[in-house]
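K.L.:
Mind looking over this structure? Questions follow.
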Amino acid sequence: MPKTRTYSRSIDIDAPTDALYRFHLDTRNAPLISQASAKFLAINGEFPVVLGAKVQLKVKQPPIPVAQTWDIVIAELQENTVVVDVANKSPFAYWRHEHRFESLPSGGTRMTDRVTYALPFGPLGRIVDRVMARKQLVAMFADRQARTKALFEDPARSPR
């Protein structure tokens, strides 16, 4: 296993935990919360996902000029608590993404994204991570969480 790094970020969303959990069981929702620059060319699989489900995504996202294929498997599911996807094929040497959901006393949800990852190419990949990839990952998840919050807290758009 390559040397990995972990990134974690949480956001409180005024939406029920079960609604956010169900939303994340359908990978076809990814374009709704992704940066506008990310172009999803294909999303294949069965939805909603179940434990062991395989999903394939074809995404074109700057700064990479060509579409990249992600083959992921749903490695863990705990109802209204966690969805974990692990990439069998991706631009990363290793990728594990945990979506965690915690009910808040207010009726809202604390949603946490925890990513454990490694870039390919060993020491060179670690340099690229320090110089630019980590910054892009942090910006991407900040944006995804803000988009998720906006989507669920806007009564006209909310998928609840």
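K.L.:
Nearest 10 degrees, 0 to 90: what angle lies between the long axis of helix 134-153 and the longest principal axis of the chain (Cα atoms)?
P.N.:
Helix 134-153 sits at roughly 20 degrees to that axis.
K.L.:
Modelling each spin label as a point 7 Å along the Cα-to-Cβ direction, I'd like the Tyr7/Gln78 distance in nm, to one decimal.
P.N.:
Result: 2.4 nm between the two label points.
K.L.:
Here's another thing I want to ask about it. Could you please state, rounded to a whole Å, how far the C-alpha centre of the range 68-86 is from the C-alpha centre of the range 114-160?
P.N.:
16 Å
K.L.:
What FRET efficiency, computed as 1/(1 + (r/R0)^6) with R0 = 22 Å and r the Cβ-Cβ distance, is obtained for Ile127 and Val66, rounded to the nearest 0.05?
P.N.:
Given R0 = 22 Å and the Cβ-Cβ separation, E is 0.50.
K.L.:
Relative contact order (percent) for the range 1-106, with alpha-carbon contacts under 8 angstrom and 6 or more residues of separation? List each step's numbers first, then the result.
P.N.:
Numbers: 176 pairs, mean separation 22.9, N = 106.
That works out to 22 percent.
Read the figures in this text as sums done on the coordinates, not as results from a lab. These numbers were taken from a predicted model, which means no experiment stands behind them. A quick note on method: Cβ atoms are made from the backbone with ideal geometry, for glycine too, and the neighbour counts reach across all protein chains shown.
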